[in-house]
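A.B. asks: If you scroll down you'll find the structure; I have some questions about it.
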Amino acid sequence: MKTLKIALYPGDGIGPEVIREAVRVIRAVESAEKSFRMETTELDWGYELWRRTGKVVPDNFLDIVRPFDAILLGAVGWPADVPDHITLAPLVKIRQTFDQYACVRPVKLYPGVRSVLAGKGPQDIDFVVIRENSEGEYVDSGSRFHVGRPDEFALQTAIHTRRGVERIMRFGFEMARKRRKKLTMATKSNAQRYAYVLWDEVLEQLRGDYPDVESEKQHCDALAMNFVRCPERFDVVVASNLFGDLLTDLGGIIGGGLGLAPSTNTNPERQFPSMFEPVHGSAPDIAGRGIANPVAAVLSAAMMFDWLELPAVANRIRAAVEKTLAAGHATPDLGGKLTTEQLGEQIAQAV
């Protein structure tokens, strides 16, 4: 039996509510499968810790999470009191310090869920966006000058390296080989003549290494349009940090809503723990009301088990989610009346 040490980082807002249901489903699979044992440590980091100490994480937070096999995150943020750049800083630090450079975000419409796109069904919406997660626009490079004066200006510099672009592109090609053998790269080289010309050149150089994969590039604005117009065209999409972030919010809505959208922050070389989280935020406006959709957190847990090399566990969780949604069980965001806990219990029973 495999023993897994998992750090639970519920975070803020609806984060604790959805992580609670993800753990409920994991425990149900643990009891049914008997192929693993999960040891969890819950981290009380985030807004409440900030209220007590003035910090959202302890100073040694990286040392605390480093020994774990994986991190399962809920959501962070309480923007009414704490600026987002403060609450998000530890997540960016985890991603960059642990070299979690491959952010994988599936876009999949499940049977029983309606898409916002007229005439599109589950057979049309099933692709993956891979977001470069370690550099690009999210590197803290820049400053503000003459703050508060009429001539104030801000300088924000994106950093793209050949190594970073090549490794995320190869990660995408390898995933495409396991899926439908098509890769689309997001670019904007018609306007960003240095960074995205580099992306274009790397794609051209790597194509010959993957002759079995059809590859193309699309400008990011056109790509966003085509997500809406013809989502069935896409299989694996590779994008920079900022473009990937924007495209996957759109992808989440196409797939039925952000309450269904999971993601990973992956260190493919397994030198550090990887982190798994729903795409949605902390949603303080509905926190504590018991109506948040836990499916994205549950599916993030499934992706965690894929990464931990327990595919049968991951597939069992996904099958339970699909069965539950197909039966019409849903929280209010999907037009249903179930509470967060009730939907979590339905999925656990489906296991």
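A.B. asks: Inspect the stretch 285-296 for any residue being crowded, with 22+ Cβ neighbours inside 10 Å and outside any loop (DSSP other than H, G, I, E, B) and give the result as yes or no.
C.D. replies: Yes, the conditions are met somewhere in the stretch 285-296.
A.B. asks: Another one. Just checking, which of D245, D212, D235 is of a type outside the set (G, A, S) and under 21 Å from E135 (Cα atoms)?
C.D. replies: D245
A.B. asks: Could you go through the stretch 269-278 and let me know if any residue there is buried (at least 24 other Cβ atoms within 10 Å of the Cβ), assigned by TED's automatic domain parsing to the domain that holds T339, in contact with a Pro (Cβ under 7 Å, 6 or more places away or on another chain) and within 19 Å of I130 (Cβ to Cβ).
C.D. replies: yes
A.B. asks: Before we move on, is G208 touching a Leu at 6+ places or on another chain (Cβ under 6 Å) and either farther than 25 Å from I125 by Cα or modelled with pLDDT under 95 (or both)?
C.D. replies: no
A.B. asks: Determine whether S115 is within 16 Å of the chain's Cα centre (by Cα), assigned to a loop (DSSP other than H, G, I, E, B) and in contact (Cβ under 8 Å) with a residue 12 or more places away in the chain.
C.D. replies: Considered against the rule, which asks whether it is within 16 Å of the chain's Cα centre (by Cα), assigned to a loop (DSSP other than H, G, I, E, B) and in contact (Cβ under 8 Å) with a residue 12 or more places away in the chain, S115 comes out as no.
A.B. asks: As an exercise: evaluate E137 against (1) surrounded by 16 or more Cβ atoms within 10 Å (Cβ to Cβ); (2) under 20 Å from S215 (Cβ atoms) and give the number of the one condition it does not meet.
C.D. replies: Going through (1) surrounded by 16 or more Cβ atoms within 10 Å (Cβ to Cβ); (2) under 20 Å from S215 (Cβ atoms) one by one, E137 breaks only (2).
A.B. asks: Then there is this: Quick one: which of A154, A191, A176 is in the same structural domain as L246 (by TED's automatic domain parsing), surrounded by 13 or more Cβ atoms within 10 Å (Cβ to Cβ) and on the phi < 0 side of the Ramachandran plot?
C.D. replies: Answer to the selection: A176.
A.B. asks: If I ask for residues that are in contact with a Phe, Trp or Tyr (Cβ under 9 Å, 6 or more places away or on another chain) and within 22 Å of A239 (Cα to Cα), which ones from the stretch 135-154 would you list?
C.D. replies: Once the filter is applied, which keeps residues that are in contact with a Phe, Trp or Tyr (Cβ under 9 Å, 6 or more places away or on another chain) and within 22 Å of A239 (Cα to Cα), the stretch 135-154 yields E135, G136, E137.
A.B. asks: If you don't mind, another one. Test each condition in (1) of a type outside the set (G, A, S); (2) assigned to a helix (DSSP H, G or I); (3) closer than 17 Å to M38 by Cα for E309 and report the one that comes out false.
C.D. replies: (2)
A.B. asks: Still on this structure: Go through the stretch 118-146 and give me each residue that's modelled with pLDDT under 95, assigned to a strand (DSSP E or B) and charged (D, E, K, R).
C.D. replies: The answer is R144, and nothing else.
A.B. asks: For residues that are assigned to a loop (DSSP other than H, G, I, E, B) and not polar (S, T, N, Q), scanning just the stretch 267-280, find the one that is nearest to the chain's Cα centre (by Cα).
C.D. replies: Selected residue: V279.
The values are calculated or read from the model by the stated rules, or taken from the named source; none is laboratory data. All values derive from a computational prediction rather than experimental measurement. Heads up, the Cβs are rebuilt from the backbone with ideal geometry, glycines too, and the neighbour counts pull from every protein chain shown.
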